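Student: Input: one structure, supplied below.
The values are calculated or read from the model by the stated rules, or taken from the named source; none is laboratory data. Everything quoted here is computed from the prediction, not taken from an experiment. Every residue, glycine as well, gets a Cβ built from its backbone with ideal geometry; the counts of neighbours run over all protein chains shown. Each accessible area value is taken on the protein alone, full model and side chains, heavy atoms only, with ligands, DNA and RNA left out. Shrake-Rupley method; radii C 1.70, N 1.55, O 1.52, S 1.80 Å.
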Amino acid sequence: MIVTEGLKKIFNKDKKNEVVAVDNCNFSVNNGEIFGLLGPNGAGKTTTLRIISTILKPTLGTVNVDGLDIIEEANKVRKNIGFLTGETKLYDRLTVKETFTYFGRLYNIDEAKLKKRVKKLIEMFELDDKKNKRIAELSDGMRQKVSLGRTIIHNPKNLILDEPLTGLDILARREVTNFIKKERKQGNCIIFSTHVMSEAEELCDRIAIINKGKILCVGEKEKLKMEYKCNSLEEVFIQLIRSQDEKSNSHI
Ligand SMILES: Nc1ncnc2c1ncn2[C@@H]1O[C@H](COP(=O)(O)OP(=O)(O)O)[C@@H](O)[C@H]1O
Ligand SMILES: [Mg+2]
C-alpha cells in the first residue's frame, strides 16, 4: 500500500529556473489495485514516481509504503518496491538469464533462491527460448519484458511502472498488460503512469489526473465519468485540464 501526503517537489529552488514539478499531491493506492497516474508530458508523473521509489527526495510532504516512511526507512522500502521507467537500463552484452541473475545479486538474494526466481521469471514472461540470447539481439517488446523481470527480481509487493506500454507493439503490449493484471490478482499494489487514456480505461481501477504538478481528481474510473458526465476518461481529462487553464488565466 502506498500513501502520499502533501507531496511537493521544486527543482532548482530559489533560482531563476525554479520548477514546481509536483505540487501538493495526495493519493493512496491499495493492495490488489492498479492505480493510474494520468497526465500529459511534463505533468509531474515521473517526478512523483521517482519520489515514491526513493530515488528523489520530496521538497515537502511524505510517502508511506506499507507503513514505512520513504525517507526514514528508505532501505526497507526499496526491498518492497520495483520501479520501471524509460531509463531502466539493460546491458546489451548480458544474456536474459545473466541479466536476471546480475540484478538479483545486487539485491543480495541467496543464490539458491535466486536460481529459482530466475527460472520463475523466465517462465512467467515466456522467455525460455530467449534465455541464452544477449539483450542486444532482442526485440523492443522482449527487452521490455526483461526490464520488467529485472524490476521484480526481488518479488516486491509494490510496483511502480512509469509508462510501461510506451513504444510497444500490439503483441508485446498485450503481454505486458496481462502481466500487470496478474500482479493485481496476486494482491500487489500497482501504480501505472500514462498519457494514453485508452491504456488507463483498460487497466486501471482508480486513477488520478495530474497536470502542471497538481492532482485534478482522484477516484474510481467509472465514478469519475459519472461525476463529470463524460463517456470516456479522455473527456474527463480534457474537461479538467481546460478548467484548470481557465482558472490560471483568470488570475493573470
Ligand atoms: N531533474 C530535473 N531538473 C529540473 N526540472 C526537472 C527535472 N526533472 C523534471 N523536471 C521538470 O519537472 C516537470 C515535470 O516533469 P516529469 O515529472 O518528468 O513529467 P512527466 O513524467 O509527467 O512527463 C517538467 O517541467 C520537467 O521539465
Ligand atoms: Mg515521465
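Student: Residue check: is Tyr102 on the phi < 0 side of the Ramachandran plot, assigned by TED's automatic domain parsing to the domain that holds Met142 and assigned to a helix (DSSP H, G or I)?
Tutor: On the way: on the phi < 0 side of the Ramachandran plot: yes; assigned by TED's automatic domain parsing to the domain that holds Met142: yes; assigned to a helix (DSSP H, G or I): yes.
Spelling it out, Tyr102 is indeed on the phi < 0 side of the Ramachandran plot, assigned by TED's automatic domain parsing to the domain that holds Met142 and assigned to a helix (DSSP H, G or I).
Student: Kindly check whether there is at least one residue in the range 2-15 that is out of contact with any strand residue (DSSP E or B) (no Cβ under 8 Å at 6 or more places or on another chain), within 13 Å of ligand 2 (Cβ to nearest atom) and modelled with pLDDT under 95.
Tutor: Within the range 2-15, none of the residues are out of contact with any strand residue (DSSP E or B) (no Cβ under 8 Å at 6 or more places or on another chain), within 13 Å of ligand 2 (Cβ to nearest atom) and modelled with pLDDT under 95.
Student: If we keep just the residues of the range 22-57 that are in contact with a Leu (Cβ under 6 Å, 6 or more places away or on another chain) and of a type outside the set (A, V, I, L, M), which is nearest to Leu159 (Cα to Cα)?
Tutor: Arg50
Student: So, one more: If we keep just the residues of the range 96-115 that are of a type in the set (A, V, I, L, M, F, W, C) and surrounded by fewer than 18 Cβ atoms within 10 Å (Cβ to Cβ), which is nearest to ligand 1 (Cβ to nearest atom)?
Tutor: Filtering the range 96-115 for residues that are of a type in the set (A, V, I, L, M, F, W, C) and surrounded by fewer than 18 Cβ atoms within 10 Å (Cβ to Cβ), the one nearest to ligand 1 (Cβ to nearest atom) comes out as Leu106.
Student: Something else now. Only residues that are assigned to a strand (DSSP E or B) and away from ligand 2 (no atom under 16 Å from the Cβ): list them for the range 186-206, please.
Tutor: Of everything in the range 186-206, those that are assigned to a strand (DSSP E or B) and away from ligand 2 (no atom under 16 Å from the Cβ) turn out to be Cys189, Ile190, Arg206.
Student: Mind telling me which of the residues Asn178, Asn158, Asn132 ends up being closer than 30 Å to Lys113 by Cβ, touching a residue at least 24 places away in the same chain (Cβ under 8 Å) and open to solvent by 60 Å² or more (accessible area, probe 1.4 Å)?
Tutor: Asn132
Student: If you don't mind, another one. Restricting to the range 207-225, name every residue that is open to solvent by less than 60 Å² (accessible area, probe 1.4 Å) and not in a strand (DSSP E or B).
Tutor: Gly213, Lys221, Leu224, Lys225
Student: Please verify whether Lys119 is open to solvent by less than 60 Å² (accessible area, probe 1.4 Å) and more than 17 Å from the chain's Cα centre (by Cα), treating the condition exactly as stated.
Tutor: no
Student: Regarding Arg150, is this residue more than 18 Å from Pro40 (Cα to Cα), outside the structural domain of Glu235 (by TED's automatic domain parsing), touching a Ser or Thr at 6+ places or on another chain (Cβ under 7 Å) and open to solvent by 10 Å² or more (accessible area, probe 1.4 Å)?
Tutor: So Arg150 passes the test.
Student: Tell me which strands (runs of 3 or more DSSP E) are completely within the range 1-95 and hold 1 or more residues being more than 10 Å from ligand 1 (Cβ to nearest atom) and open to solvent by 30 Å² or more (accessible area, probe 1.4 Å), or say none if there are none.
Tutor: 2-11, 19-29, 60-65, 81-84
Student: Right, Leu171: open to solvent by 60 Å² or more (accessible area, probe 1.4 Å) and either more than 16 Å from ligand 2 (Cβ to nearest atom) or free of Cβ contacts under 8 Å to residues at least 12 places away in the same chain (or both) or not? Steps first, please.
Tutor: On the way: open to solvent by 60 Å² or more (accessible area, probe 1.4 Å): yes; either more than 16 Å from ligand 2 (Cβ to nearest atom) or free of Cβ contacts under 8 Å to residues at least 12 places away in the same chain (or both): yes.
Here the answer is yes, as Leu171 does meet what is asked.
Student: State all residues of the range 154-183 that are within 16 Å of Lys79 (Cα to Cα), under 16 Å from the mean Cα position of the chain (by Cα) and assigned to a loop (DSSP other than H, G, I, E, B); if no residue qualifies, say none.
Tutor: Asn155, Pro156, Lys157
Student: Let me ask something additional. Show the residue pairs meeting these rules: Cβ distance below 8 Å; 6+ apart or different chains; first residue within the range 69-92 and in contact (Cβ under 8 Å) with a residue 60 or more places away in the chain; second residue within 16 Å of ligand 1 (Cβ to nearest atom) and acidic (Asp, Glu).
Tutor: Phe83/Asp162; Leu84/Asp162; Thr85/Asp162; Thr85/Glu163; Gly86/Asp162; Gly86/Glu163
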